[in-house]
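Below is one structure, written out as structure tokens, with a few remarks after it.
The values are calculated or read from the model by the stated rules, or taken from the named source; none is laboratory data. Keep in mind the model is a prediction, meaning the values are calculated, not measured. Cβ coordinates were reconstructed from backbone atoms using ideal geometry, including for glycine residues, and neighbour counts include every protein chain displayed. Surface areas here come from the heavy atoms of the whole protein model, side chains and all, with no ligands, DNA or RNA. Shrake-Rupley method; radii C 1.70, N 1.55, O 1.52, S 1.80 Å.
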Amino acid sequence: MSWSDLERMVADAETSPTLQQVLHQCRSRQELLHTGRQLGYRLTRSDLQNAWLEHHNAAEVQGGDKASNY
């Protein structure tokens with residue numbers, strides 16, 4: 001269930017300027033995990049790693065699509 005908690009934290013941050021500010025102050029993945037856990041989200045390092053990979057891969061696909069338009 002930790003992946004769903006990561007999704008919930010992101011959704012909550014999108015609607016809460018206070019949560020955005022708290023999370024923005026995190027300077028490392030470890031600090032983000034610690035802060036998220038303190039706020040009641042059950043997060044793991046794997047969740048953050050998978051989210052980063054998903055985001056990175058999506059950016060590459062979008063970049064590839066843009067390049068093919070030229």
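Percent of accessible area on the stretch 1-67 owned by carbon and sulfur, 1.4 Å probe?
The value for the stretch 1-67 is 52 percent carbon and sulfur by accessible area.
Please report, in whole Å³, the volume per residue of the convex hull around the C-alpha atoms of the chain.
Values: hull volume 7.6 nm³, N = 70.
Here the figure is 108 Å³ per residue.
Set the Förster radius R0 to 25 Å, insert the Cβ-Cβ distance between H34 and E60 as r into 1/(1 + (r/R0)^6), and round the FRET efficiency to 0.05.
0.25
Enumerate the helices in the chain for which the Kyte-Doolittle hydropathy averages -1.0 or more and the C-alpha atoms extend at least 18 Å along the helix's axis, using complete DSSP H runs.
Values: long enough: 2-15 (20 Å, -0.59); 45-68 (35 Å, -1.13).
The answer, listed by residue number, is 2-15.
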